[in-house]
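Notes for the one structure printed next.
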Amino acid sequence: MLTLFAVLIVFQGKTTYLNMERYSSASEKRFRRWSRRNFDFAQFNKELFIQEFPHNQERIAAIDASFVSKSGHKTEGLGWYYNGSAGESQHGLEISMISITDLKSNTAYA
């Protein structure tokens with residue numbers, strides 16, 4: 001996982017196995033094999049939060065929804081969503097991010 005996360009941080013462009021190979025020491029074939037394995041991301045995130053946040057610290061959950069304009073008819077999830085910048089509903093996509101926020105250090109972990 002460290003190799004995967006490191007390569008996702010450094011390269012630019014479309015995330016393909018070939019691009020990931022270019023920016024790491026792992027081969028395209030290795031990334032393909034890894035993608036077939038099951039990985040419990042929920043448990044992984046839970047363990048990271050437990051390490052980062054001691055039980056006595058104050059924290060809250062936060063959600064942030066963003067609007068992305070999109071034309072066309074075949075994109076999954078395409079619909080009418082409220083765009084706060086325009087102050088009205090518009091045709092496009094909504095993207096949401098959930099995070100845990102540490103109130104003491106003013107830091108959010110998505």
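Looking only at residues of segment 54-78 that are charged (D, E, K, R) and under 16 Å from residue 109 (Cβ atoms), we find that the one that is nearest to the chain's Cα centre (by Cα) is 64. For segment 10-45, the set of residues classified as modelled with pLDDT under 85 and either in contact with a strand residue (DSSP E or B) (Cβ under 7 Å, 6 or more places away or on another chain) or under 22 Å from residue 98 (Cα atoms) (or both) consists of 45 only. Answer yes or no: is there a residue in segment 72-81 that is in contact with a Ser or Thr (Cβ under 9 Å, 6 or more places away or on another chain) and surrounded by fewer than 10 Cβ atoms within 10 Å (Cβ to Cβ). The answer is no; no qualifying residue exists. With respect to the conditions (1) surrounded by 10 or more Cβ atoms within 10 Å (Cβ to Cβ); (2) in contact (Cβ under 8 Å) with a residue 40 or more places away in the chain; (3) over 28 Å from residue 1 (Cβ atoms); (4) of a type outside the set (A, V, I, L, M), residue 58 falls short on a single one, namely (1). The set of residues from segment 2-41 being among the hydroxyl-bearing types (Ser, Thr, Tyr) and either at positive phi or part of a loop (DSSP other than H, G, I, E, B) (or both) comprises 15, 16, 23, 24, 25, 27.
The values are calculated or read from the model by the stated rules, or taken from the named source; none is laboratory data. The model shown is predicted, which means the values in this text are computed figures rather than measured ones. Positions of Cβ are backbone-derived with ideal geometry, glycine not excepted, and every protein chain shown enters the neighbour counts.
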